[in-house]
Amino acid sequence: MPKLSYLKALNRALGDEMAADSDVFVLGEDIRVAASNLTAGLFDRFGPERVLDTPLSEQAFTNFATGAALAGMRPVIEFQIPSLLFLVFEQIANQAHKFSLMTGGQCKVPVTYVVPGSGSRTGWAGQHSDHPYSLFAHVGVKTVVPATPADAYGLLLSAIRDDDPVVVFAPSGALGVREDVDFSTLAPVPLGVGRIARSGSDVTVVALGHLVQDALAVADELAGEGVSVEVFDPRTVYPLDVEGLAASVARTRRLVVIDDSNRTSGFGAEVLAVAAERFDLAAPPRRVTRPDGAVLPFALALDRAVQPGRDQLLAAVRGVLTSGGHR
Amino acid sequence: MTSVDLYRTVRLIRRFEERAIEFVRSGEIVGGIHPYIGEEAVAAGVCAALRPDDLITSTHRGHGHVLAKGVNPARMFAELMGRESGLNKGRGGSMHAADFGLGILGANAIVGAAGSIATGAAWAHRRRGRDVVAVSFFGDGAMNEGMLLEAFNLAALWHVPVLFVCENNGYATTMPVAGAVAGSITGRARAFGIPAFTIDGQDPEKVLAATTAAVQRARAGKGPTFLECLTHRLDAHHTFEHRARLSYRSAEELSAGWSRDPVEIQGARLAAEDRAAVDAEVEALLDAAAGIALGSAHPDPAAALEYLYASPEVMR
């Protein structure tokens, strides 16, 4: 079977959807030459009216996309740097997201915001290394963080087809992931439905995006010690697949979440809150996150120290296995 | 568009606003409004130059634009009163009034935000082969918002059929233009290569003439035009202002503004009996509209988050 890379999967989804629907177009900075490779080949294939290279004016082109969506189109914006989302938070959270309710359902705003290279990019320091998916989930914007190439393809397709604004975070750490894929089986993946990335019976580890790889590695390591780890990948941060999560935790009764966002009010905090409200746990759950208020420092060792990693996850899993009674 | 039609529009907006202020005082409208009194000629003149399928985006001071574009005043009153029969089913209120069927893409409460929305919408219609023009209304305060200047750049670069209509009423809330805008307002648009004109915003016929030329230019594919309409806000920034007892304008300044009341400027062009007939027609229309709105149902609290998402989702 051919190998499909995560980044190529995003590129393929965008191209397939542009071919299928003439209302889909992509806009953003340096997308004609495909600076991030997300739009590779699309300019030659679809031309300048459908691959719209924009000046550096994030606020205007983000609202421009909202206007185009109100006129019936399905824009996809590529942001080259995750921190640019802070610049356009108003345009997404306060404009695009609110239009439908504020107009009493008179309109739809089917804009997709894609961020290929979210999170730490190793050596890009404070203003290029954010991973702000929790912010968008908090305000209720549909928020997607795919972990695998097939999911990157299927979730981006669903995001573009969705009639609401959707932010798709493609973590930098996942872009290079490749998997064997039968291209004929690539299909849309519904928003709000998680998956079991690895089955297990002793503890559920919730992981998103590139952290799914880390969770699987930790699960492998613990398997050697006779511990059975289930890895649950929610795929979409919002809406969250609470039922899928509940089904997993009902089997394992132990829970750890690894989350590449800041601790307070982050995605990890939400998962633990759901657990406290709904689940009968055998041990207090734990979360592995960036520290509160974290800004990624430049030096490699410092960058790594701020990100949630395998060692912390290993310690957290061992912690929930040894506390709160027998497994 | 006749002189009578233009008079009907300015008179309708004026009397709608005066009645809305009364509804704020009586508590039928909660939260207050931003009155457009004194600025009616801009909305009337601009919208008179548009086709029904042309688009507008409006501001937090948007009642005039929405009425001039043709909404049913009963549904507008009902929206201000938060009723289910309102334009937005009571979900938007004064600052978000929208009617997509009439090309009204919504009043917008974030100053300067809608310039780029109008630009995107106009661009999209052109791409779909329609010769639709979009107008974005904004105040002088918006001229200091970076995202509006970014929109000028996109519109000019891509020859988008959009009109930027600046209602320069002299104040951004209480901040006078002279204390806020360095250089000139039209100079900022011209810097992007956009033809920019300063016009008398108190005379509906002058506004109509200038807008007609700009619309023709846009439809001919020549891109955006910028109109600075010099106007006066003759009431408060917000109905709360009277209670807050803000003081930032002299009586002489207000009096000078009232001497150029657009309702009187346009009314003077009509025969007395024609003007009286329009006044009576407007009163009857607004009486009926207010009655319909007051008699409309309030939304069901259980539906508070209806319309949040296009697709039904189970949200916790």
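Assorted remarks:
- Residues within region B:55-68 that are buried (at least 23 other Cβ atoms within 10 Å of the Cβ) and in a loop (DSSP other than H, G, I, E, B), tallied: 3
- Of the residues screened, B:L149 is not one that is modelled with pLDDT of 95 or more, facing chain A (nearest Cβ under 9 Å) and buried (at least 24 other Cβ atoms within 10 Å of the Cβ).
- The single condition from (1) open to solvent by 10 Å² or more (accessible area, probe 1.4 Å); (2) more than 14 Å from every other protein chain (Cβ to nearest Cβ); (3) of a type in the set (D, E); (4) under 27 Å from A:Q127 (Cα atoms) that A:D53 fails is (2).
- Selection within region A:254-277 - open to solvent by 10 Å² or more (accessible area, probe 1.4 Å), in contact (Cβ under 8 Å) with a residue 40 or more places away in the chain and assigned to a loop (DSSP other than H, G, I, E, B): A:S265
- Screening the candidates B:I33, B:I29 for the property of being away from chain A (no Cβ under 14 Å), crowded, with 24+ Cβ neighbours inside 10 Å and part of a loop (DSSP other than H, G, I, E, B) yields one hit, B:I33.
- In region B:91-115, the residues that are more than 8 Å from chain A (Cβ to nearest Cβ) and over 24 Å from B:F152 (Cβ atoms) reach residues that are in a helix (DSSP H, G or I) and of a type in the set (A, V, I, L, M, F, W, C) with C-beta atoms within less than 7 angstrom, at least six apart or across chains, in these pairs: B:G93/B:L80; B:S94/B:L80; B:A97/B:V66; B:A97/B:M76.
Okay, residues lined up against (1) of a type outside the set (K, R); (2) at pLDDT 95 or above; (3) over 30 Å from B:H298 (Cα atoms); (4) open to solvent by less than 20 Å² (accessible area, probe 1.4 Å):
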| position | (1), (2), (3), (4) |
| --- | --- |
| A:S100 | yes, yes, no, yes |
| A:G104 | yes, yes, no, yes |
| A:C107 | yes, yes, no, yes |
| A:P116 | yes, yes, yes, yes |
| A:G123 | yes, no, yes, no |
| A:A147 | yes, yes, yes, yes |
| A:A150 | yes, yes, yes, no |
| A:A174 | yes, yes, yes, yes |
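- Residue list for region B:70-81, filter: open to solvent by 20 Å² or more (accessible area, probe 1.4 Å) and either more than 12 Å from every other protein chain (Cβ to nearest Cβ) or small (G, A, S) (or both): B:G70, B:N72
- Subset of region B:231-247 (residues that are touching a residue at least 40 places away in the same chain (Cβ under 8 Å) and aliphatic (A, V, I, L, M)): B:L234, B:A236, B:L246
- Of the residues making up region B:123-146, those that are more than 10 Å from chain A (Cβ to nearest Cβ), closer than 18 Å to B:S184 by Cα and not aromatic (F, W, Y) are B:G139, B:D140, B:G141, B:A142, B:M143, B:N144.
- Candidates B:R243, B:R269, B:R217, filtered to the one that is closer than 22 Å to B:I185 by Cα and over 19 Å from the mean Cα position of the chain (by Cα): B:R217
- Looking across region A:72-92 at every residue that is open to solvent by 10 Å² or more (accessible area, probe 1.4 Å) and more than 17 Å from A:D53 (Cα to Cα), the one that is farthest from the other protein chains (Cβ to nearest Cβ) is identified as A:S83.
- Subset of region B:122-146 that is open to solvent by 30 Å² or more (accessible area, probe 1.4 Å) and assigned to a helix (DSSP H, G or I) - its residue that is nearest to B:N169 (Cα to Cα): B:N144
- From A:S172, A:S199, residue being out of contact with any helix residue (DSSP H, G or I) (no Cβ under 6 Å at 6 or more places or on another chain) and assigned by the TED database to the domain that holds A:D259: A:S199
The values are calculated or read from the model by the stated rules, or taken from the named source; none is laboratory data. Note that this is a predicted model, so its numbers are computed, not measured. Because the Cβ atoms are built from the backbone with ideal geometry, glycine has one as well, and the counts that use them run over all protein chains shown. Each accessible area value is taken on the protein alone, full model and side chains, heavy atoms only, with ligands, DNA and RNA left out. Shrake-Rupley method; radii C 1.70, N 1.55, O 1.52, S 1.80 Å.
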